[in-house]
1. Can you tell me the FRET efficiency between Ser113 and Glu86 if r is taken as the Cβ-Cβ distance and R0 is 25 Å, rounded to the nearest 0.05?
2. Students often get this wrong, so check it: of Lys78/Lys135; Lys93/Lys114; Lys5/Lys78; Lys78/Lys148; Lys114/Lys153, which have C-alpha atoms separated by over 28 Å?
Amino acid sequence: MAKIKGVPNKHLHARTTFLYQAAAYLTVQASTAVSTTPDITAEEPVLTEQHVERNTQTIVQSKLALQLGHHLRAVSHKGQLRLSAEFKRALCKSCNAVLIPGRTSTQTVENHSKEGRKPWADVLVIECNLCGSKKRFPVGATRQGDKKKRNQKRRDESTAQDTTDIDQTATHIIQNSRQSSAHEAVLSEPSRPSCASSTIRN
C-alpha cells in the first residue's frame, strides 16, 4: 500500500501560524487608545477659540509584535512558503504590523468611476495606522486565473472554433456536391420532342 504523503514543510507552517497568533495577541493587548478630553479651564470664558474639544489618538504598537511580524515574513521567504491571500492581507508590507480593523488599520471602499455607477470598480483600501501605507484590493471584479488556466481556456476555445469551422466547411461541401449531382442528372436526361412538332410532321 502506497504511503500517504504529508504536508511539505509542515514545521514551517506551524511556526508561521504561531508567530502570527503571538503577534496578533500582542497587538490587541497594545491596541489603540482613544481619549476625548475637552480643553477647558476655569479662568477662560466660555466662548473662546481655545474652548475646543481635542481628540487625541495615541497609537500604541508593541515592538515585540513588530519583531514577530518581521520574523514571520523572513521565515516565509526563506522557506519559500506560499501564504494564503487572507494571511498576506493581515500583515503590513512596510512595517510588518498585524492589521486589525478598527485597531491598527482602517478599511474604506473607493469607487473612482463616474458618480460611482460601476459596482465592479469598488476597491477595498486598507490603511495601516502605524506607518500610513495602503493596500488596495478589487472587490467587485472577478479574480483573474493563473497563466496555465488562461492558456488552457484559450486552447479549448480555439479547438472548439476549429471544430465549428470544419463542420461548416464539410456541410458546405456536401451541399455543393448534392447540387452538382442534381445538375448533372438534369443534363444527362434525353430531350423529348414536343407535342407541337410531332403534330406538324404528321
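What follows is calculated from the coordinates using simple rules that are stated; it is not laboratory data. Please read all numbers here as calculations on a predicted model, not as lab measurements. Neighbour counts run over all protein chains shown; Cβ positions are idealised from the backbone, glycine included.
1. E between Ser113 and Glu86, to the nearest 0.05, is 0.40.
2. Flagged as over cut-off: Lys93/Lys114; Lys114/Lys153.
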